[in-house]
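Q: Take a look at the following structure, please.
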Amino acid sequence: MGTNSTQALNMVQDGLGLVQDFQKMVGNPSSGDNSSEEQARLRETDAKRKAWETQRHAAGDAEDLRSERERGRSRRAAGWGGSNLVMSGSKSLVRDADRIKDRQDEEDVLFEGAADAESSLQDGRNSANMLRINSGASPNRSILSMGSKIYGTGK
C-alpha cells in the first residue's frame with residue numbers, strides 16, 4: 001500500500017473509532033445490556049399512549065358538552081318560536097352571548113385535555129430519563145447539547 005492509501009485507511013479507522021465512542025456516550029441500542037434503556041423507552045411509549053387517550057377523552061367531553069348545550073338552546077329557541085314572539089334586541093344578544101360562552105367552555109375542556117396530555121408526556125420523559133440516569137446512561141438529549149462530550153472538551 002502507498003502512503004496515501006495508509007493515510008486514508010487510518011482516517012477511516014479514526015472515524016469509526018469516533019463513531020463507536022459516540023455510540024458509547026449516547027447509548028447504542030445494539031450493544032450490551034439494554035434492559036434499562038428498553039424500560040425507559042417503554043415508559044415513554046406508555047406516556048404517549050396516556051397522552052393520546054387524554055386528548056381523545058377531552059375531545060369526547062367537549063363533544064358531549066357541545067351537544068348538551070345545543071339541545072338546551074334548541075329547547076329555548078323552540079319555546080320562543082312556539083310563542084310567536086320575535087327574538088330581537090337584548091334577548092337576541094343574550095342568546096348570542098350564551099352561544100359564545102358555550103364555545104369558550106368547549107375550548108376550555110379541549111385546552112385542559114391538551115395540558116393534561118402534555119403533562120403526561122413530560123412525566124413519562126422525566127421518569128424515563130431518571131431510569132437512564134440511575135442505570136448510568138445519559139438522558140436523551142439532542143446532539144447539539146452533547147457537543148462538548150463528543151469533541152472531548154467537556155465531561
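The values are calculated or read from the model by the stated rules, or taken from the named source; none is laboratory data. What you see is a predicted model, and the numbers here were worked out from it, not measured in a lab. Cβ placement follows ideal geometry from the backbone for every residue including glycine, while neighbour counts extend to all protein chains displayed.
Q: Quick one: is Ala97 of a type outside the set (Val, Ile, Thr), surrounded by 15 or more Cβ atoms within 10 Å (Cβ to Cβ) and at pLDDT 85 or above?
A: no
Q: Sticking with this structure for a sec: Where residues in the stretch 45-64 are among the aliphatic types (A, V, I, L, M) and more than 14 Å from the chain's Cα centre (by Cα), which of them is surrounded by the fewest Cβ atoms within 10 Å (Cβ to Cβ)?
A: Ala59
Q: Among Ser36, Ser74, Ser67, which is of a type in the set (S, T, N, Q), modelled with pLDDT under 90 and loosely packed, with under 14 Cβ neighbours inside 10 Å?
A: Among Ser36, Ser74, Ser67, only Ser74 is of a type in the set (S, T, N, Q), modelled with pLDDT under 90 and loosely packed, with under 14 Cβ neighbours inside 10 Å.
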